[in-house]
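The values are calculated or read from the model by the stated rules, or taken from the named source; none is laboratory data. Model, not experiment: these values are computed from the prediction. For neighbour counting, all protein chains shown are included, and Cβ atoms are generated from backbone atoms with ideal geometry for every residue, glycine included. These area figures cover heavy atoms from the full protein model, side chains too; ligands, DNA and RNA do not enter into them. Shrake-Rupley method; radii C 1.70, N 1.55, O 1.52, S 1.80 Å.
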Amino acid sequence: MAAINAFVVACGLVFLFFIAGLHNYITNFEENGCEMTYMFEYPQYVKIALPPDISSQFSRYGLYAYGEGKLTDDLRKMKFTGIPVLFIPGNSGSYKQARSLASVSLRKAINSHLPYHFDYFTVDLNDEYSGLFGGILEDQTDFVHHCILRILELYRPSPFSPVSVVLIGHSMGGMVAKGLFLNPQFNPRLVEVIITLATPHKAPVLLLDRHLVDYHSKVDSFWRAQKNNTSGNIGHVTLVSIGGGQRDILVKSVLTQAEEADISVLSTQIPGVWLSTDHLSTLWCKELILVIVRALFDIVDVRSKQISHSQWERKHAFEYHLLKRTAGKRLALAFHGRETVFNPDGMWNEYLRRQFSVVEPYGVPSVMYVMIRLVDDPKHEWLLAEAINVEANDWVFACTANEIRGPSRICNYGVNLSNQTRFMPSTTLKRKIVYLHLREIKKLGFSHVILRVLPTREMVQINVDIHSSARKVNIPLPLMLRVMKHQPIIESTDDGALHYSLAFPSFEHIWQAYYLHISPYSCRLATHHAIGIMHVPWSQEDLYVKINDLVEKPMQLRLQTARPLNNKGDGPVVVNLILDPTCRYSISIQSALLDSLGQIVRFYGPMILPYVAAVLLLTLRSQMLSLAETRSCTMFHSALASGAKPYYILPIVKMASRVLSVGFLVKLMQSGIKQFDPVTLVENNLDFILLPFVLYMVAFATAYIIGLACWLAVIFNGTAANKIALRFLARTITGTIMWSEWMLAGLAKLPITAAGFLIALSYSTCGALSLCVGGAFYFLKLCKMYEEYLEELFKFSIYLLSRFKKGGKSKKKEKEEEPENKENELNRIPETVNANDSEDEKDKIDSVDENEEKNEERKEEKNSNGSKKAEEQERESSSKTEEENREVIKKEASENKDDKDTKENKNAEEKSGQTNSSASYSLSELHFNFTLLLLWVTVTVVNIPAVLVWAHNYGYSTKLQPDPSFETGVVLCFCVGVLWQKKAPNPHLKHYPVVGHMLYLLAVLILIFSTLSLHHLSPLLMVAFVIVTVHQMIAESLPIEESEIPSIDTEILDEKAGTNLPFPSSEKPKQA
């Protein structure tokens, strides 16, 4: 069977595309535009003493208070007078990560001269891997509960003692904060505000163990059920979730958007931030930290100097700062009055053009009013006004011009429309816009829209664009494979145009990615500024991109959340362009294949592992079938290429998934499992028709390449031709016993000993550690198998070479001695008979002697008669008899030689066949164990987090508790111990096809239940090892044919007897 075919080549090509997508996923995102926060004084962390029983129970955890400079002295005296905030770090997070939030909050309180401030406490959770291992989450939650109680105790003597603590959780710290409310001993009123940063609310990033899945499931179910219940345990809590966007490659943005959150937003949409943050920069990004701190100060009740008890007020403050900031940076100063009285003595200017700009480079000495008339014209349907450097919060109004002043009419007062203001990102100047539907305003009886500019000495500019709905364009998306061609959208924008709206109705899948090219030309000024805003209606993930004279990159269109299946009424994705009126633009779109591949890796990359496991099981199944048919195990890559085709399994998986997706079956299964992966993919609109086939091809190529790499590793570690030759010659020529022979004799008993050691390791430390150590030993065992196989081949080569040389020398000697043998054949007849001649040969020689005696008697009789005639006759008779004797001798000598050659050839063939049989068996054992090693490695990869946590906490405990890898480690170590000891596979066992069918069923179950839930992978692969082991232990043997019974080579017996070497089990002589 060929190891390379057309499907293998196709998988290799798909794998190359996957690698390109992986590179894009890791490297292709916007540069980090965040500024670093800094401190004015050296930060210090004061440890807070906990009760002795708590310190003993949670010896690896701690509680600290943050301070700077002289303020630390009060903290050391345990004097706290502010508002308590507790920071909870996440996966592998440090308690010192609270520095940015604490330092900025402290500095704001000092600079603003406020009568209150925040006291920041931070939890030391020993930098544990809480995002990968769920067994520690319960301990962390209990410890945080005790920390909250201890923090509130520190404020008891204060006149304004707090009754609650603000919780800020980063990554998994946010889940720990939410998990507090499931503790029956926790008082829910102790927490009223929870802010989570890059926290995976919807599901763990990787579902690697059941403890992690159970914790997430319990917390998520509790919060969804209780959030809308105002009288429940969490109805009073304000929950805010902030995600990092595209730069966060550890936690996908879709996981941070919690349905139970009051506000769920990405940093790219937050006014004043407009940047994507990676997983760690979320904690120190100055733009984001400032917004969070401002929101915290705005939720404080100035009367109690503590957090407001009004859930509405808290939510309103967070909405203002994180979603809809329409004015200044303080909520208290951002109130927009309903009506405003205008100054009739101001500068009133009415413009009749639809696109115009008002530029005052030196400011305005008095109030300026820009009047925009409302007319019944389809071209006057929408208004976009941009204000640059206009500081006033109230600047947009609707009014009725009913007072005549000079040649025009003016308004006495106006209705405030400034609450529809949106701030825009800018490099230097302050920009804000308002987008109004003029027809709706005219229906209310207004005649004008007024833009007001208060007196200032700074440069101000007002840009106005009145347009129809024709500026809203539906864009068909280009084909993904047409990566080199730009599809034009707008050849040239209108002169002075400010706004275009581009809708993409079919842009709703996460694997779609495009480049939107916005190219300026014919600019009247050297500097220009434009903004692209991608709005996703079903998710808070708006993206703001600046296009100016310094940055002219295309706008990347990628979704963080696919459109849910039950969400069809929110409209399409829209890109709003806020352009520079001094330029004209050409707009085109291009498919971004590499970005699309990066999106596939981002959302589907972890699913490769279960597909690899399924491919390996199908490969092992193919080897089982070859053992049933040919009594030999095929090579890994041959079995992979022939027995792991996608059409063997994917149709069955698809049909089974559809059947199991029926409502009542899903509910039945979810009573035992937390989620059904196919249903989860469909509900989140992550499934598409080619997804299983693409993932399977990538997994196939991955298994092929990993197998090739492992083979090379085995060859380089197991091949030492010179060492094998020296060892072989030293054993066969010198006749002495080397130290290595004693070691090799001891290795015969090592497999079961090694298995016992690994099982003991599972009990004393953790199962994952035994899997890692067992994998290393398995690799060395495989190298040893390969070395023994090469040694068998070397022996056979030496034997054939010696036979060849021996045969050549014997033929040459026979040719040299042939004339001499012919002359002395008669005289050497008795000598040719040796002890090994048969009785038949002796009888033939006796008959020759009798003929000679008769000839002598005839000679004497003829001589006595003296007859000359008789003598002549006797000579003729004697000559004739001698010729007959010579013919008989030649014939018998030739027969003896043929018999001897036949016997030697037969022995050589038997020895050759025995060597070939041994080498073939060694090769089958090597191929079989090679596939099992790759399955072992797959199980080990899933359980790596358990090893990391065990090693991290080894100083506190040598035993990992709880250990989700314990059962898997014990069972697998026992199974391989049996297989190593029995030298599996036994080619003469029955039921190999049955084992193959069971492995096929396990591969189907993996692709149904483990594509997302990776914690199901270990038990299913464990069952595969159990099936193979039980089969090798209890299966009946097939009857062995006589041709398959190996004969004992007398030369091997002589060699073993002469060197006193121990007989391998396959060469021991049987007792008669």
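Around Ala592, which amide H atoms from residues at least 5 apart in sequence, or from another chain, sit under 5 Å from its own amide H, with H modelled in the peptide plane? Long-range HN contacts for Ala592: Ala513, Tyr514, Tyr515.
For the listed peptides 337-344, 753-760, 930-937, a ranking on the average number of other beta carbons within 10 Å per residue, highest first, reads 930-937, 753-760, 337-344. For the residues Arg247, Arg457, a 1.4 Å probe over the protein chains yields an accessible-area ranking, largest first, of Arg457, Arg247.
Once backbone amide H atoms are built at 1.01 Å from N, Phe118 has Ile83 as its partners under 5 Å, excluding neighbours fewer than 5 places away on the same chain. Accessible surface of Ser1010, taken over heavy atoms with a 1.4 Å probe and every protein chain present, rounds to 0 Å². Working from Cα pairs under 8 Å separated by at least six residues, relative contact order for the range 532-590 is 44 percent.
For a 22 Å ceiling on Cα separation, which of these pairs sit above it: Lys202/Lys553; Lys379/Lys443; Lys795/Lys982; Lys379/Lys472? From the list (Lys202/Lys553; Lys379/Lys443; Lys795/Lys982; Lys379/Lys472), the Cα-Cα distance tops 22 Å for Lys202/Lys553; Lys795/Lys982. The 1.4 Å probe gives accessible areas that order Glu391, Glu350, largest first, as Glu391, Glu350. Between the range 288-347 and the range 597-624, the alpha-carbon centres lie 52 Å apart. Between the range 499-547 and the range 105-132, the alpha-carbon centres lie 37 Å apart. Return P(r) of the range 1-68 (all Cα-Cα pairs; 5 Å bins starting at 0; whole %; ordered from short to long distances). Spelled out bin by bin, the range 1-68 gives 3, 10, 9, 7, 7, 7, 7, 9, 9, 8, 7, 7, 6, 3, 0 percent. With all protein chains in place and a 1.4 Å probe, the accessible surface of the range 566-722 carries 66 percent carbon and sulfur. Kirkwood-type hydrodynamic radius, the range 104-183: 14.5 Å, calculated from all non-identical alpha-carbon pairs. Of the accessible area of the range 66-130, with the probe set at 1.4 angstrom, what percent is carbon plus sulfur? Result for the range 66-130: 47 percent of the exposed heavy-atom area is carbon or sulfur.
Would you please give the FRET efficiency between Val9 and Met480, computed as 1/(1 + (r/R0)^6) with r the Cβ-Cβ distance and R0 = 25 Å, to the nearest 0.05?
Values: r = 22 Å, r/R0 = 0.90.
Calculated value: 0.65.
Roughly how far apart, in whole Å, are the Cα centres of the range 923-938 and the range 550-578? Comparing the Cα centres of the range 923-938 and the range 550-578, I get a distance of 48 Å. Once the 1.4 Å probe is applied to the protein heavy atoms, the range 759-799 comes out at 38 Å² accessible per residue. Taking Cβ atoms as reference points and 9 Å as the exclusive limit, the residues near Thr456 contribute a net charge of -2, counting Lys and Arg as +1 and Asp and Glu as -1. Measuring nothing but protein heavy atoms, the accessible surface of the range 297-360 at 1.4 Å probe radius is 51 percent carbon and sulfur. In this view, the solvent-accessible surface of Leu331, computed with a 1.4 Å probe and all protein chains in place, comes to about 40 Å². For the set Trp223, Trp538, Trp511, the ranking by accessible area, highest first and with no ligand, DNA or RNA atoms included, is Trp511, Trp538, Trp223 under a 1.4 Å probe. Averaged over its residues, the range 449-576 has an accessible area of 44 Å² per residue, based on protein heavy atoms and a 1.4 Å probe. Summing Lys and Arg as +1 and Asp and Glu as -1 over all other residues whose Cβ lies under 12 Å from the Cβ of Ser92 gives a net charge of -2.
Residue by residue, the range 289-297 carries 3J(HN,Hα) couplings of 4, 4, 5, 5, 5, 4, 5, 5, 5 Hz when phi is fed to the Karplus relation 6.51 cos²θ - 1.76 cosθ + 1.60 (θ = phi - 60°); x denotes Gly or Pro. When you count the other C-beta atoms within 10 angstrom of each residue and take the mean per peptide, 462-474, 9-21 line up highest first as 462-474, 9-21.
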